[in-house]
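K.L.:
Take this structure, written in structure tokens, and hold onto it; I'll ask about it next.
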Amino acid sequence: MASFVDDTVVTMVDGRLTANLSRDWDIWGPNGGYIASIVLRAVGKVAPPDHKPATFSCQYLSAGQFDAVEIAVEPVRQGRNAWCLNAALLQNGKRVLQAQVWTTNKTDGPQKRDRKMPDVASPAGLKTWREIYPDEPLHTFWGHFDAKPVRPVTWKDHDERGSVLEEWYRFKEFPYTDDVWLDNARSLLLIDTIQWPSWHRGLKEKPNYIAPSLDVTVWFHERPGRAEWLLGHARADVAGGGLIHGNVHIWSEDRRLLASGGSNLLHVAPR
């Protein structure tokens, strides 16, 4: 199994951006946060070298295949301190994902940190899912992480607090990097992915349906940097009209808010 770093590599040859979707990231097809991370890294190859991602917003238009893809990136506003770029991930002429990304080179400005990290145990004092349930089968997708739940509520159990998830994640084989696009892609993948598991926790009966993401929007606040463990705090407590809404905050172990975001999930009835 290759790492997140290797499986999101984007290659540029003669101005053409390409990547390959790995089957190791399969959840109802290629995981949305995974393909979004590839697009984020592709944007990083077109944005100015001193820029970082500020906002990433995308729509999932079709299910991709585990094969080669092309990413088209077009700057639509090129300001002194901020760029806006449109991006699309294409496969066999079909648009799988479309996105709009703001980037910036700003480093100065007001500083305010009033939002508080949830009062949870540090990862050092917690066990991984594998340690808690050594005999439970592990989906290939989750093999890319060491995950330590603050409260080990399984998919079969009900959390009396509702649809809330608090869990520490460490990407395997992810060394410190000076690539701000790759570094922030960790938060993007988690924000897209953990809303569905959060929804599960508030249900007394396991659902007989799925709910793929229609979209995801992420606001980046600080890059993880040397943060090895990331806390995902997710809440998916709004549903109606065939839609489930969730929002997620990503924190570092030193209590920095790294990113926040959310999406709408579409209820897909059982067949």
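K.L.:
Modelling each spin label as a point 7 Å along the Cα-to-Cβ direction, I'd like the Ser62/Lys206 distance in nm, to one decimal.
P.N.:
3.3
K.L.:
For Arg161 and Val76 in the same chain, what is the full-extension length gain: residue separation times 0.36 nm, less their Cα-Cα distance, in nm?
P.N.:
Residue separation times 0.36 nm, minus the Cα-Cα distance, leaves 26.2 nm.
K.L.:
From the alpha carbon gyration tensor of region 116-220, can you work out the equivalent ellipsoid semi-axes (sqrt of 5 times each eigenvalue) and give them in Å, largest to smallest?
P.N.:
They are 23, 18, 15 Å, listed largest first.
K.L.:
A further question follows. Can you give the percent of C-alpha pairs in region 61-133 whose distance is more than 13 Å?
P.N.:
Cα-Cα pairs of region 61-133 separated by over 13 Å account for 78 percent.
K.L.:
While we're here: For a protection proxy built on the mean count of beta-carbon atoms within 10 angstrom, sort 100-107, 161-168 highest first, please.
P.N.:
Peptide ranking by packing, descending: 161-168, 100-107.
K.L.:
Just want the answer: with Cβ charges of +1 for Lys and Arg and -1 for Asp and Glu, which residue in Gln78, Ser3, Leu40 is farthest toward the dipole's positive end in the chain?
P.N.:
Gln78
K.L.:
When all alpha-carbon pairs of region 202-260 are counted, what percent fall beyond 12 Å?
P.N.:
73
K.L.:
Stokes-Einstein D for region 24-84 at 4 °C, 1.567 mPa s, Kirkwood Rh over Cα pairs, in µm²/s?
P.N.:
Roughly 98 µm²/s, to the nearest whole number.
K.L.:
May I ask for the percentage of alpha-carbon pairs in the chain that lie more than 26 Å from each other?
P.N.:
Details: 14712 of 36585 pairs.
Roughly 40 percent, rounded to a whole number.
K.L.:
Ratio of alpha-carbon Rg to the 2.2 N^0.38 Å globular estimate for region 1-127, to two decimals, please.
P.N.:
Against the empirical 2.2 N^0.38 Å value, I get 1.23 for region 1-127.
K.L.:
Say we join alpha carbon atoms closer than 10 Å with springs in a Gaussian network model of the chain; which of Glu205, Glu74, Glu136 then has the biggest fluctuation?
P.N.:
Glu136
K.L.:
Quick check for me: using +1 on Lys/Arg Cβ and -1 on Asp/Glu Cβ, what's the dipole size of region 86-138 about its Cα centre, in debye to the nearest 20?
P.N.:
Magnitude of the dipole: close to 360 debye.
K.L.:
Quick one: putting +1 on the C-beta of Lys and Arg, -1 on the C-beta of Asp and Glu, what dipole do you get for region 186-271 around its Cα centre, in Debye to the nearest 20?
P.N.:
On the way: 10 positive and 8 negative charges, 30 e Å.
The dipole of region 186-271 has a size of about 140 debye.
A short reminder: the numbers here are calculations on the coordinates, not readings from a lab. Treat the numbers as computed from the prediction; the structure is a model and nothing was measured. Don't worry about glycine lacking a Cβ; one is built from the backbone with ideal geometry, like all the others, and counts go over all protein chains shown.
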